[in-house]
1. Can you work out the Karplus-derived ³J(HN,Hα) for every residue in the stretch 242-258? Use 6.51 cos²θ - 1.76 cosθ + 1.60 with θ = phi - 60°, whole Hz, and x for glycine or proline.
2. Quick one: of Lys180/Lys285; Lys180/Lys266; Lys167/Lys285; Lys183/Lys336; Lys167/Lys266, which pairs are farther than 30 Å apart, Cα to Cα?
3. Test of the criteria: in the stretch 85-127, which trypsin sites (Lys or Arg not before Pro) are in a DSSP loop and have at most 16 other Cβ atoms within 10 angstrom of their Cβ?
4. Report the label-to-label distance for Arg284 and Gln62 in nanometres (one decimal), using points 7 Å from each Cα along the Cα→Cβ vector.
5. Name the residue from Tyr260, Ser103, Phe157 whose Cα lies farthest towards the positive end of the charge dipole of the stretch 6-351, charges +1 on Cβ of Lys and Arg and -1 on Cβ of Asp and Glu.
6. How large is the dipole of the stretch 225-352 about the Cα centre if only Lys and Arg carry +1 and Asp and Glu carry -1, each at its Cβ, rounded to the nearest 20 debye?
7. For Cα pairs less than 8 Å apart in space and 6+ apart in sequence, what is the mean separation divided by the residue count of the chain, i.e. the relative contact order in percent?
8. Give me Glu96, Glu172 ranked fewest to most by other Cβ atoms within 10 Å of their Cβ, as a rough exposure proxy.
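A short reminder: the numbers here are calculations on the coordinates, not readings from a lab. A quick note: this is a predicted structure, and the numbers were derived from the prediction, not measured. Because the Cβ atoms are built from the backbone with ideal geometry, glycine has one as well, and the counts that use them run over all protein chains shown.
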Amino acid sequence: MTHFLNEKRTPLFRQSLHQQAPELVELERLIVTHPSRLEYRVIETVEYNEQAFPIYAIDLGQHQPGKPALLICGGVHGIERIGVQVVIAQLKVWLERLKWERSLQQCFNEINVTVLPVINPVGLFLNRRSNGRGVDLMRNAPIDSQQGSFLVSGQRFSPRLPWYRGKEDRLELENLSLEKEIKRLSSLSPLLISIDCHSGFGMRDRLWFPYAYRRRPMRDIAPVVALKLLWENSYPNHQYIFEPQSNHYLTHGDLWDYFYKCFGRKDCTFLPLTLEMGSWNWVRKRPLQLFRVGGLFNPLVPHRQQRALRRHLPLMDFLRHAVHSYQQWLPNDQEKQHLTQVAQSLWYRMQE
């Protein structure tokens, strides 16, 4: 493999990467085999045990100001490997289709697409939720919930306990690199839709949006409702539950709550989504996988993994089309008032 980090990797470390982080190796293979169809950047390098772990950003199309943007993320929690695999599977599909599909080529020339498949490479390598410093990246943002549950909503007692938030008012290196990408894309674009791929909650796949720290709605929730209705009218037989995360539990330090508050502006509509794949269904069908590391979060039977990799392709393509044609569905001021009332009736009636 010919990339700049390869010279710094010892043979033993390369072997360990193939065994413990094959997704990262596969991503690097894609970078090498498709040089004319993507641009890659190493936006940060995380050090762990004197080894360098790159955080890659993949850009598709020609990034220019004024274009709407799509950001696809995976691997915030290293143990949720299926999220990384879904992102890489989608990237592979688009790269193959770019060889021959003129409509896709034109689309990527008219929108900005950035893919961050492995935000937490050390966590992926160690097969654990936290990063190399023991910090849960999804509890790390400087935002607090008044009704969080003990421990699970985030704690600052010790990195040896789960859901450790890290030091107060200090974003981890991985999150700082993600923040820079969101800042860059939102400064270039009138619309930014992001989707962050996770697994581990419930029997159903869910599309979550902020907030996670409070039960009241986002300040500009109308575009979220418009996107939900567009999705459900376009794909009426879909399997997702579209809802705010606060419908289920509240947490401290949610990254997307924080980024929405930082970068959601009048000149850039920012819609952060989280794909939460319902992993309990995999466990229900094969309870013994609970005794394996990562068994609660990933499909360990090959045909279930293949099903997970293909079932989210329509969603990703829909988001690409929605970004490309955003002027056709983003609500105007008059429509926003009605859609805000729709949101209130769908998700926030208990707050009235």
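1. Along the stretch 242-258, the couplings run 9, 6, x, 4, 5, 4, 10, 7, 10, 9, 7, x, 5, 4, 6, 4, 5 Hz.
2. Among Lys180/Lys285; Lys180/Lys266; Lys167/Lys285; Lys183/Lys336; Lys167/Lys266, the Cα-Cα distance tops 30 Å for Lys180/Lys285; Lys167/Lys285; Lys167/Lys266.
3. Lys99
4. Taking the two extended label points, one gets 5.0 nm.
5. Looking along the dipole axis, the top candidate is Phe157.
6. Result for the stretch 225-352 is approximately 740 debye, rounded to the nearest 20.
7. Computed value for the chain: 20 percent relative contact order.
8. Ordered by Cβ neighbours within 10 Å, fewest first: Glu96, Glu172.
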